[in-house]
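The values are calculated or read from the model by the stated rules, or taken from the named source; none is laboratory data. What you are looking at is a predicted structure, and each value in this text was computed from that prediction instead of being measured. FYI the Cβ positions are ideal-geometry reconstructions off the backbone, even for glycines, and counts take in every protein chain you see.
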Amino acid sequence: MKDDQRRHPLRDAKTDRTAAQAAPDTPQTRASAYQLAFTDQEFMCREELRPVRLQLELLKPEMMLDAEGITSTIVLFGGARIPEPAKKDTARTKTLADLSQFYDETREFSRLMTLKSMAGGGTEDVIVTGGGPGVMEAGNRGAIDAGGRSIGLNIVLPFEQAPNEYVTPELCFNFHYFAIRKMHFLMRAKAICVFPGGFGTMDELFEALTLIQTGRMQRVPFLLFGKAFWQKIINWDALADAGTISAEDLNLFRFVDSAKEAMELIENWDAPTARDSVPGR
């Protein structure tokens, strides 16, 4: 991230930060009150500073992605517990072992999409994942297979975890706030691909669908990988029959089972702009 050219003659914050660190060691300079507010970690973590922290988490990735020239992304959501086929014997259940095929489909889809992105300069259609294991790892790995870069949006969890090794380091971000992380998933999204997963995947799936359903977000290709999985897990037709969603809402997404099928659908997606009304209301 490069600094903008200075637009005023005043002393900059980095210079004062360095000068403050070199101040004489006295009871006054050791006091918490003396620390510059923006370098005082205890102060920055106070409850009253939450609005500032929210703003910082929105700004930092936005500014760094802008600096890297990234204009649009392809969003991949999916389960952290799905193993690669070579390790499917380590899966907790037979179903997870069987779902390992989608690790390979994710990886292949990401490879194909990254090749497409690189052919256009590598700033559009950049793969973004949650930066973790399973399907997320496969997505970042596919970008590496194509010789390209990809984004990882990690989040701090109570248990030890780290970004997968395939995320491009300068595009690997860490979040405290789930809400801001979700915004970054969708702010540049040109397509959303959802692979089998659990609570987190379904949370991301339904939040994104709700934004499109209610006209808060433009229609984009919205693909659910694994038709058998999603039709078993969610009775979509029952929701429409009950009237809790409209039959037209079932057209907001498509089921796919392969990377090739997904690429073809995205290339030929013909959807209107954002809704200005909700069918069935």
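Summary of values
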quantity	calculated
Those residues of the stretch 144-162 which are exposed (fewer than 15 other Cβ atoms within 10 Å of the Cβ) and either at pLDDT 95 or above or among the aliphatic types (A, V, I, L, M) (or both), in sequence order	GLY147, VAL156, LEU157, ALA162
Single residue of the stretch 20-32 satisfying the filter (part of a helix (DSSP H, G or I) and over 38 Å from the mean Cα position of the chain (by Cα)) that is nearest to ARG46 (Cα to Cα)	ARG30
Any chance ILE180 is β-branched (Val, Ile, Thr) and closer than 27 Å to ARG219 by Cα	yes
Members of the stretch 60-100 that are farther than 21 Å from ILE180 by Cα and assigned to a loop (DSSP other than H, G, I, E, B)	ARG81, ILE82, PRO83, GLU84, ALA91, ARG92, THR93, LEU99, SER100
Scan of the stretch 209-264 for residues that are of a type in the set (S, T, N, Q) and without any contact (Cβ under 8 Å) to a residue 24 or more places away in the chain, ordered by number	THR210, ASN235, THR244, ASN251
Among the candidates GLU105, GLU48, GLU57, residue that is at pLDDT 95 or above, farther than 30 Å from LYS190 by Cβ and either in a loop (DSSP other than H, G, I, E, B) or among the acidic types (Asp, Glu) (or both)	GLU48
Top-ranked residue in the stretch 95-106 [being in contact (Cβ under 8 Å) with a residue 60 or more places away in the chain and closer than 22 Å to GLY147 by Cβ; ranked as surrounded by the fewest Cβ atoms within 10 Å (Cβ to Cβ)]	GLU105
Conditions (1) surrounded by 11 or more Cβ atoms within 10 Å (Cβ to Cβ); (2) over 16 Å from the mean Cα position of the chain (by Cα); (3) acidic (Asp, Glu): number failed by GLU62	(2)
Matching entry among GLU204, GLU170, GLU165, GLU264 (being closer than 25 Å to ARG107 by Cβ, crowded, with 18+ Cβ neighbours inside 10 Å and acidic (Asp, Glu))	GLU204
LEU239 vs. criteria modelled with pLDDT of 95 or more, surrounded by 15 or more Cβ atoms within 10 Å (Cβ to Cβ) and not acidic (Asp, Glu)	yes
Residue check for PHE173: within 30 Å of LEU54 (Cα to Cα), touching a residue at least 60 places away in the same chain (Cβ under 8 Å), assigned to a strand (DSSP E or B) and not basic (Lys, Arg)	yes
Those residues of the stretch 81-123 which are among the hydrophobic types (A, V, I, L, M, F, W, C) and within 19 Å of PHE229 (Cβ to Cβ), in sequence order	ILE82, ALA91, LEU96, ALA97, LEU99, PHE102, PHE109
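Let's see how each residue does on (1) closer than 25 Å to ALA262 by Cα; (2) within 18 Å of the chain's Cα centre (by Cα); (3) loosely packed, with under 11 Cβ neighbours inside 10 Å:
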residue	(1), (2), (3)
ASP40	no, no, no
PHE43	no, no, no
LEU49	no, no, no
ARG53	no, no, no
LEU58	no, yes, no
THR71	yes, yes, no
LEU76	yes, yes, no
ASP89	no, no, yes
THR93	no, no, yes
